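The values are calculated or read from the model by the stated rules, or taken from the named source; none is laboratory data. Fair warning: this is a prediction, and the values are worked out from it, not measured in the lab. For neighbour counting, all protein chains shown are included, and Cβ atoms are generated from backbone atoms with ideal geometry for every residue, glycine included.
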Amino acid sequence: MKVLSLNFLTCAVKACKSSSDSYPLHPQDAELVQDEIELNPDMLINVLPRLDWTALRTTSSELGFPALPEQAPTAEELQADEKMIRDLHHLLLETQISEGKLVCANCGHQYAVKEGIANFLLPSHLV
Amino acid sequence: MSRPEDSLAADVHYDDTEARKYTTSSRIQNIQASMTRRALELLDLKAPSLILDIGCGSGLSGEILSAVDPADGGPHTWIGMDVSPSMLDIALQRDVEGDLMLADIGQGVPFRAGSFDAAISISAIQWLCSAESSETSPTGRLNRFFNGLYASLRRGGRAVCQFYPKNDTQRNMITQAAVKAGFGAGLLEDDPGTKNVKLYLVLTVGNNDNEGGNTDITGVVSGMDNVDVLDARKRLKANNTQIKKGSKAWIVKKKEQMERKGKIVKATSKYTGRKRRIQF
Ligand SMILES: C[S@@+](CC[C@H](N)C(=O)[O-])C[C@H]1O[C@@H](n2cnc3c(N)ncnc32)[C@H](O)[C@@H]1O
């Protein structure tokens, strides 16, 4: 599970749809791996306005990364700052949670992550 | 030819043996690749995008997304959902670039509103027409899927789903569920009337805040042969006039609209729309 995906995923439990605590999911006992992925600045600039920066700050500190700036960079700032692009690329696309779980702060449901794949299958009474 | 969709659940059919057989067949590799390229053509993406691959399997469709040349607006980044652990396992072994999750699209699409530029689905959604238990109906699963997909796409986004309906009933069931979820929808048929016929459901998400959220699909598929544009607007209008403003049905409908836009909505209950007694 990449940090990028985590910034878009919500708890899948039906009763959590009406709660703002069900996002973002919180990594627990997470083992991280780093992949090498080719840099794609245009993709980053494209998704930048859609990132939830507050949630990204939470996730990145929960995973033990140095604190992100309080404000998201603008597209122009990001475009002009090679290092910021690389750092963001590293955090969002190259960092994977390989083992552990993702926990919903609203309902407490735990989504297991194994070999980098998060299990979002729900028992039918939660759908 | 017998269809595994009719008798088995997808995760049972795609076990380790079948997943390997499927993925290593060069005939299947070629067909999946060419259908994915066709879907990309219909998505018409101009820049590297974030794409949801629905029923991504072992990554035969996804790897085409990763391989789009910068000159053609790529490469794209994708997240894949699939219900078969064996298929995902092969995707891992093949070291695909997309991020993978084990999920049943009939349970919904658990992303926040407006996450994706686009979505593709190659040879997967016909599986939703067979419900595997007494607790779920195909219609219920299709509705959850399309409602979730609609919300997870950004406004102006598109989805293209290639699928193999068993018959006209399935074909209509799928397209109607998409239209009901608010999509503008068109059906495109390649090689109609041959045994290689391929069916693509092209879906658009409205930019405008009109009720029903229908955008004109005609622009997407104009000039193409064998396209059926499915228009739900007339039917929606007719329905609207029958529902009394303030009634429970009206409230539920409003709530569905808000939910599709990704708004947080209170769950509907037996109290919804009831008169509250005045408390002193
Ligand atoms: C024919 S394969 C296509 C895989 C890939 N898109 C490709 O082009 O090679 C169909 C896939 O749909 C998946 N599928 C079927 N029903 C599903 C469901 N309810 N949720 C998620 N995936 C599903 C199956 O597990 C299988 O991997």
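Among the numbered criteria (1) part of a helix (DSSP H, G or I); (2) touching a strand residue (DSSP E or B) at 6+ places or on another chain (Cβ under 7 Å); (3) within 12 Å of another protein chain (Cβ to nearest Cβ), which one does B:Leu100 miss?
Of everything listed in (1) part of a helix (DSSP H, G or I); (2) touching a strand residue (DSSP E or B) at 6+ places or on another chain (Cβ under 7 Å); (3) within 12 Å of another protein chain (Cβ to nearest Cβ), B:Leu100 misses just condition (1).
State whether one or more residues within region A:90-98 are in contact with a Pro (Cβ under 7 Å, 6 or more places away or on another chain) and buried (at least 18 other Cβ atoms within 10 Å of the Cβ).
Checked against the condition, which is being in contact with a Pro (Cβ under 7 Å, 6 or more places away or on another chain) and buried (at least 18 other Cβ atoms within 10 Å of the Cβ), region A:90-98 yields at least one hit.
With respect to B:Glu18, is the statement that it is near the ligand (Cβ under 10 Å from one of its atoms), charged (D, E, K, R) and assigned by the TED database to the domain that holds B:Cys129 true?
yes
Test B:Ser66 against the stated conditions and say whether it is of a type in the set (Gly, Ala, Ser) and away from the ligand (no atom under 12 Å from the Cβ).
yes
Tell me whether region A:74-87 contains one or more residues that are surrounded by 14 or more Cβ atoms within 10 Å (Cβ to Cβ) and within 11 Å of chain B (Cβ to nearest Cβ).
No: zero hits.
Return a yes/no flag: does region A:107-123 have any residue that is in a helix (DSSP H, G or I) and either farther than 19 Å from B:Ser115 by Cβ or at pLDDT 95 or above (or both).
Among the residues of region A:107-123, not one is in a helix (DSSP H, G or I) and either farther than 19 Å from B:Ser115 by Cβ or at pLDDT 95 or above (or both), which makes the answer no.
Being within 9 Å of the ligand (Cβ to nearest atom) and closer than 29 Å to B:Asp6 by Cβ is true for just one of B:Leu142, B:Leu52, B:Leu60. Which residue is that?
B:Leu60
Only residues in region B:67-89 that are of a type in the set (A, V, I, L, M, F, W, C) count as the first member; pair them with residues that are more than 15 Å from the ligand (Cβ to nearest atom) and assigned to a helix (DSSP H, G or I), Cβ under 7 angstrom, at least 6 apart or cross-chain, and list the lot.
If the second residue must be more than 15 Å from the ligand (Cβ to nearest atom) and assigned to a helix (DSSP H, G or I), the pairs left are B:Ile79/A:Ser5.
With (1) closer than 24 Å to B:Ser115 by Cα; (2) modelled with pLDDT of 95 or more as the list, and B:Asn172 as the residue in question, which single condition is left unmet?
Every listed condition holds for B:Asn172 apart from (1).
Can you work out which of the residues in region A:90-117 that are within 12 Å of the chain's Cα centre (by Cα) and within 13 Å of chain B (Cβ to nearest Cβ) is farthest from A:Leu68 (Cα to Cα)?
Step by step, filter region A:90-117, then rank; the result is A:Leu102.
May I ask you to list the residues in region A:1-60 that are more than 9 Å from chain B (Cβ to nearest Cβ), more than 24 Å from B:Gly108 (Cα to Cα) and acidic (Asp, Glu)?
Correct list: A:Asp29, A:Glu31, A:Glu36.
Just checking, does region B:136-156 include any residue being buried (at least 19 other Cβ atoms within 10 Å of the Cβ), more than 8 Å from chain A (Cβ to nearest Cβ) and among the basic types (Lys, Arg)?
Yes; the residues of region B:136-156 include at least one that is buried (at least 19 other Cβ atoms within 10 Å of the Cβ), more than 8 Å from chain A (Cβ to nearest Cβ) and among the basic types (Lys, Arg).
Give region B:74-122 a look and list any residue that's within 8 Å of the ligand (Cβ to nearest atom) and surrounded by fewer than 21 Cβ atoms within 10 Å (Cβ to Cβ), or say none.
none
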